[in-house]
Amino acid sequence: MKKIFVILLCSFSLLTSNLIAQESSTANAPTTTDETVATSTAPKGIFGSTFSKPTSFKEFLTQVSPFITIGPILTVNTESGTKSAVSPIAFSTGIGAVWPNNAFISFQPRLSFFTMYYLWDGKNALPAEVENRTALSLSFLIDLPAVASFRFGKNTFEAGVGLAVLARIGILPTGVKATDSGATGSASGDVDKINEWFWSSGRFLYPELIFNYDYCITERLRGGFEARFYIPLGSFISGRGMDATMMTIAARLVF
């Protein structure tokens with residue numbers, strides 16, 4: 001009986017020490033592992049996942065989703081007439097990025113490019129038809145919006161506001177010589193006036209409204225469309241109202 005008691009006591013002691021060792025190992029384990037697992041497995045929900053500040057450039061890159069856009073852009077011309085064109089529609093292509101991806105509020109800068117013809121009427125640069133053109137405008141539109149995202153399964157709806165900068169450079173188009181006649185006396189003189197007009201009275205600043213829709217095609221690819229409305233700050237400053245308002249509807253792919 002005494003031998004049996006000693007064997008049971010030793011077995012109990014070994015079991016107790018093993019449990020204490022396991023408890024101590026669990027208590028000393030780093031808590032960041034549990035937090036990381038919790039974060040990675042947390043459901044994104046309608047407002048996306050919780051944003052965590054990147055601790056390295058590599059981690060920052062994982063929070064960035066590039067995208068491309070392709071579509072028409074309409075520029076309102078309130079002075080369309082004999083020489084000036086009706087509100088022209090140009091073809092625009094763009095590239096941008098979403099940061100942080102999967103967050104409720106994200107920053108979505110974009111750079112797009114399109115071209116247009118202009119003429120100088122003595123006071124203003126106006127969109128022109130091919131036969132009346134004086135300058136070819138190389139237009140770079142820089143969008144700087146903050147966007148809110150609402151997710152419903154594979155569907156994402158977004159709305160945002162921001163400020164866009166329209167950087168334009170007017171050059172002589174093919175078929176127009178510097179010495180050709182113009183409102184200033186020569187085509188080259190008109191181009192100079194057009195470039196001055198582009199950068200005066202805040203005509204390069206456009207507050208913008210954005211509406212996006214994306215559908216999750218694969219784990220790393222979303223496709224949809226976007227609509228953007230650009231308010232011509234310079235036109236209001238110079239008393240021209242909604243002239244030079246821009247609107248675009250484009251296809252969009254997010255990687």
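Tabulated data
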| item | result |
| --- | --- |
| For S188: the one exception among (1) more than 30 Å from K154 (Cβ to Cβ); (2) buried (at least 20 other Cβ atoms within 10 Å of the Cβ) | (2) |
| Within segment 220-255, tally of residues that are without any contact (Cβ under 8 Å) to a residue 60 or more places away in the chain, farther than 24 Å from A128 by Cβ, in contact with a strand residue (DSSP E or B) (Cβ under 8 Å, 6 or more places away or on another chain) and assigned to a loop (DSSP other than H, G, I, E, B) | 0 |
| Scope segment 212-255; condition over 29 Å from S201 (Cβ atoms), within 14 Å of the chain's Cα centre (by Cα) and basic (K, R); matching residues | R252 |
| Strands (runs of 3 or more DSSP E) lying entirely in segment 29-147 (those with 2 or more residues that are buried (at least 18 other Cβ atoms within 10 Å of the Cβ), among the hydroxyl-bearing types (S, T, Y) and at pLDDT 95 or above) | 65-75, 110-120 |
| Matching option when the condition is of a type outside the set (F, W, Y) and assigned to a strand (DSSP E or B), among G162, G175, G185, G202 | G162 |
| Some residue of segment 168-176 being closer than 30 Å to W99 by Cα, touching a residue at least 24 places away in the same chain (Cβ under 8 Å) and of a type outside the set (S, T, Y) | yes |
| Some residue of segment 189-198 being polar (S, T, N, Q) and either modelled with pLDDT under 95 or under 21 Å from the mean Cα position of the chain (by Cα) (or both) | no |
| Where R220 falls short, out of the listed (1) farther than 20 Å from W120 by Cβ; (2) at pLDDT 95 or above | (2) |
| Members of segment 199-213 found to be in contact with a Leu (Cβ under 9 Å, 6 or more places away or on another chain) and on the phi < 0 side of the Ramachandran plot, listed by number | R203, F204, L205, Y206, P207, E208 |
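The values are calculated or read from the model by the stated rules, or taken from the named source; none is laboratory data. Because the structure is a prediction, the values reported are computed rather than measured. We place every Cβ from the backbone using ideal geometry, glycine too, and count neighbours over all the protein chains shown.
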